[in-house]
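J.: So that we are looking at the same thing, I have put the structure below in structure tokens.
What follows is calculated from the coordinates using simple rules that are stated; it is not laboratory data. Keep in mind that this is a model prediction, so the values were computed, not measured. Neighbour counts run over all protein chains shown; Cβ positions are idealised from the backbone, glycine included.
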Amino acid sequence: MARLIFLGPPGAGKGTQAKLLAELLQVPHISTGDILRSALKAKTPLGQKAQAYMNAGELVPDDLILDLIRDRLNQQDANQGWILDGFPRNVSQASFLDTLLQELNQTCDFAINLEVPDEVLMARLLERAQKEGRSDDNEDTIRRRLEVYHNQTEPIIGFYRDRSVLTAINGDQPVESVTEYLKQLVCS
Ligand code: AMP
């Protein structure tokens, strides 16, 4: 059983590490970014509403995200644990999650903050833009996403520190080293 939240800026490696760990622990990997990108591709109402925000590097409004998370965590497969990647992204999402977990009689075991300096993130995201062709990975949008991270997402680090579940990890090292550290953390 494991319930983990991945914090950290865009490009820190949350998606990569969350996926690997979810497989290892046999729990669902819940990425709001992935859910939104699929919605966008499928041109669902959610995708259409989210598109402009995502392309501008802004957060999608909470009302589009909160129901989605409530539904996902209420699904059967999330009973035995989960890994959240990209949610919560601001203080109001963090307090929503707190209340939701109380309702579900669950607690989060770890909030993992992957720390990476901005200039490294910038380089990684520009490289990803070339490789994956993501529409929110151009230079201006990347800059905005980093700003949004510092303004809106970084404040939730304190929220999890206060709950004594915060673990900070240096994300500026090879993928395998971060994975190894995480394995030891969650499996010990
Ligand atoms: P990500 O793949 O997690 O970096 O998310 C890509 C984009 O999706 C973000 O830049 C936001 O526009 C949007 N997004 C993902 N998760 C959230 C969230 N929890 N709250 C608001 N917007 C989100």
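J.: Taking every alpha carbon pair in the range 2-183, what does the distance histogram look like in 5 angstrom bins from 0, in percent?
T.: 1, 8, 17, 21, 22, 18, 10, 3, 0
J.: Sticking with this one: Using the Karplus equation 6.51 cos²θ - 1.76 cosθ + 1.60 (θ = phi - 60°), what ³J(HN,Hα) coupling, rounded to whole Hz, does each residue of the range 143-149 give in order, writing x for Gly and Pro?
T.: Computed from phi, the couplings for the range 143-149 are 4, 5, 5, 5, 4, 4, 4 Hz.
J.: So what are the ³J(HN,Hα) numbers for the range 29-43, from phi and the Karplus equation (6.51, -1.76, 1.60; θ = phi - 60°), rounded to whole Hz, Gly and Pro as x?
T.: Values, residue by residue: 9, 10, 10, 5, x, 4, 4, 5, 5, 5, 5, 5, 5, 7, 6 Hz.
J.: Work through the residues other than A52 whose Cβ is under 12 Å from its Cβ and net out their charges, Lys, Arg +1 and Asp, Glu -1.
T.: For residues surrounding A52, the net value is -1.
J.: From the backbone phi of the range 105-118, what are the Karplus-calculated ³J(HN,Hα) couplings (6.51 cos²θ - 1.76 cosθ + 1.60, θ = phi - 60°) in whole Hz, Gly and Pro given as x?
T.: With coefficients 6.51, -1.76 and 1.60, one gets 6, 10, 10, 8, 7, 9, 10, 9, 9, 8, 9, 9, x, 3 Hz.
J.: Let me ask another. If the limit is 29 Å between Cα atoms, which of K41/K183; K43/K183; K41/K131 go over it?
T.: From K41/K183; K43/K183; K41/K131, over 29 Å: K41/K183; K43/K183.
J.: Could you tell me the distance between the Cα centroids of the range 76-92 and the range 1-64, to the nearest Å?
T.: Here the two parts' Cα centres lie 10 Å apart.
J.: OK, next. Going through the range 1-66, which trypsin sites (Lys or Arg not before Pro) have at most 10 other Cβ atoms within 10 Å and a DSSP loop state?
T.: Answer by residue number: K43.
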